[in-house]
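Below: one structure, written as structure tokens.
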Amino acid sequence: MAAFDYDVIIAGSGPAGVSTWLHLNKLNPELAARTLVLEKASHPRPKLCGGGVMRFADTLLGLLRVRIKVTSVPVHNAEFRYHGRRFYWRQKNFFRVVRRHEFDSALAAAALQRGMRLHEQEALSHFEYLEDGIQVYTARRCYRTRVLVGADGANSAVRASMKLREPHRVARLIEILTPADPVSSYEFATNTAVFDFTAVDKGLQGYIWDFPCLENGAAYINRGIYDSRYYPTREHADLKKLFRAGLEARQVYGEAKKWQGHPERWFDPYATVSQPHILLVGDAAGVDPLAGEGISFALGYGAVAAEELVEAFDKQNFRFAHYREHILAHPLGKALQQRRLMARLCYRGWPRVLTTMFFIVMGLRWP
Ligand SMILES: Cc1cc2nc3c(=O)[nH]c(=O)nc-3n(C[C@H](O)[C@H](O)[C@H](O)COP(=O)(O)OP(=O)(O)OC[C@H]3O[C@@H](n4cnc5c(N)ncnc54)[C@H](O)[C@@H]3O)c2cc1C
């Protein structure tokens, strides 16, 4: 048997990777102590994101006795736009808007305080299978581990090294920040987040969002466009054109200095989420195709993956043959399946159903 440097290596220290470690530490501190987390960047690292943290993300962290205290704007109203009409969902603290570099850095700090071993600026480049484990390669060295957890986001190098031949299932997003006056801005004054589905009629399988946020004490509106591409065979919407039209309608096109885009992988119950000695979590496995919400789901994956890890080491069986079933049976998987069903209905062209169902589904609690 090969000598192992670690029992578990987690690639990626975003919400999915850190949550996996925190849950592991809760269930089996000895195993968590024999775990290494590799991170390509160093915290606080940039992360393109609307920063909408649903209440149940905080509930999940609360179960781990973790409280992320970072600058946030509470959202009490969600405004939904479609066909020139506006619909509202009012719920106190429906979600909060954070800046992701701050949120993720605070989350990593909470885990570091509990003893998480983190190597920053050390990206996994690829891995090879050993007879009874995995050999992980980084630019610095190689490590032998029993289990590798791919928590390295939508462009997962772990997933790429698994050489899967499967449909793509990737959403596209573009995001910008525009300066705002916190007194007169509608979103700030009314604590409102806008979800604008107007462009569904033009082929967008998603929406444009406007979320109020604070960065370094200054007020901004985080604006972006989400295209789930749930029906990949349909002609792709011209995201840049639709986003530009949306910004012009809001009279902020000139203020949008830097456009940035990033993919997001969405969940499919038939997609591969494990191989012997390998588990995928968070964006590497797949999150919500309806709204592109991923933070709470990434945290939820951590709970399921940690249970899988503990059971695997107890039984000395690292095939992870039932990880998919474990996800599907867990409230995480049930919520992901609801979102998938809603995406299927809404982006098929039944947006009236969408108007009523979207917030109901978004409002469901799953932990
Ligand atoms: C534009 C945009 C807006 C979004 N808005 C929202 C929102 O408002 N609310 C919401 O809930 N979700 C939102 N999401 C989705 C959310 O950001 C993701 O679902 C979530 O970040 C997934 O967490 P994760 O830990 O799986 O991946 P990530 O947060 O991407 O973390 C992956 C980590 O792995 C590291 N990494 C990458 N490659 C390697 C490697 N080879 N080796 C080691 N480390 C590596 C990265 O540096 C990173 O730290 C948005 C996504 C996008 C793109």
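The values are calculated or read from the model by the stated rules, or taken from the named source; none is laboratory data. Here the structure is a predicted model, which means the values were calculated and not measured. Counting neighbours? That spans all protein chains shown, and the Cβs are built from the backbone with ideal geometry, glycine included.
Out of the residues in the range 113-157 that are small (Gly, Ala, Ser) and more than 8 Å from the ligand (Cβ to nearest atom), which is farthest from VAL273 (Cα to Cα)?
Step one: of the range 113-157, the residues small (Gly, Ala, Ser) are 115, 123, 125, 133, 139, 150-151, 153-154, 156-157.
The next check asks that each one be more than 8 Å from the ligand (Cβ to nearest atom); those that pass are 115, 133, 139, 150.
Numbers: GLY115: 28, GLY133: 17, ALA139: 26, GLY150: 9 Å.
Across the range 113-157, the extreme among qualifying residues is GLY115.
Starting from the range 104-115, take each residue that is on the phi > 0 side of the Ramachandran plot and list its partners that are buried (at least 19 other Cβ atoms within 10 Å of the Cβ), counting only C-beta distances under 9 angstrom and pairs at least six apart or across chains.
GLY115/ASN25; GLY115/ALA32
Kindly list the number of the only condition in (1) touching a Leu at 6+ places or on another chain (Cβ under 7 Å); (2) exposed (fewer than 14 other Cβ atoms within 10 Å of the Cβ); (3) more than 20 Å from GLY224 (Cβ to Cβ) that fails for VAL147.
The number of the failed condition is (2).
Suppose we keep only residues that are in contact with an Asp or Glu (Cβ under 8 Å, 6 or more places away or on another chain) and part of a helix (DSSP H, G or I) within the range 267-314. Which one would you say is farthest from VAL149 (Cα to Cα)?
The residue in question is PHE297.
Out of the range 74-109, which residues are within 15 Å of the ligand (Cβ to nearest atom) and charged (D, E, K, R)?
ARG96, ARG99, ARG100, GLU102, ASP104
Take the conditions without any contact (Cβ under 8 Å) to a residue 40 or more places away in the chain, buried (at least 22 other Cβ atoms within 10 Å of the Cβ) and within 15 Å of the ligand (Cβ to nearest atom) and apply them to PHE267. Does it pass?
On the way: without any contact (Cβ under 8 Å) to a residue 40 or more places away in the chain: no; buried (at least 22 other Cβ atoms within 10 Å of the Cβ): yes; within 15 Å of the ligand (Cβ to nearest atom): yes.
No.
How about the range 215-237: which of its residues are within 15 Å of the ligand (Cβ to nearest atom) and either out of contact with any Cys (no Cβ under 6 Å at 6 or more places or on another chain) or part of a loop (DSSP other than H, G, I, E, B) (or both)?
Selection gives GLU215, ILE221, ARG223, GLY224, ILE225, TYR226, ASP227, SER228, ARG229.
Any residue in the range 168-183 that's more than 21 Å from VAL98 (Cβ to Cβ) and at pLDDT below 95: show its pairings with residues that are small (Gly, Ala, Ser) and within 9 Å of the ligand (Cβ to nearest atom) at Cβ separation under 8 Å, as long as the two are six or more apart or on different chains.
From the range 168-183, the pairs are VAL170/ALA154.
Within the range 159-217, how many residues are aromatic (Phe, Trp, Tyr) and surrounded by fewer than 18 Cβ atoms within 10 Å (Cβ to Cβ)?
1
Among the residues in the range 238-257, are any of a type in the set (Phe, Trp, Tyr), surrounded by fewer than 23 Cβ atoms within 10 Å (Cβ to Cβ) and not in a helix (DSSP H, G or I)?
Taking the range 238-257 first, the residues of a type in the set (Phe, Trp, Tyr) are 243, 253.
Restricting the remaining residues to those that are surrounded by fewer than 23 Cβ atoms within 10 Å (Cβ to Cβ) gives 253.
In the following step, the residues that additionally are not in a helix (DSSP H, G or I) were identified as none.
No: zero hits.
Would you list the helices (runs of 4 or more DSSP H) that sit entirely within the range 87-204 and hold 1 or more residues that are among the charged types (D, E, K, R), within 19 Å of the chain's Cα centre (by Cα) and closer than 19 Å to ALA16 by Cβ?
Filter on the range 87-204 gives 100-113, 157-161.
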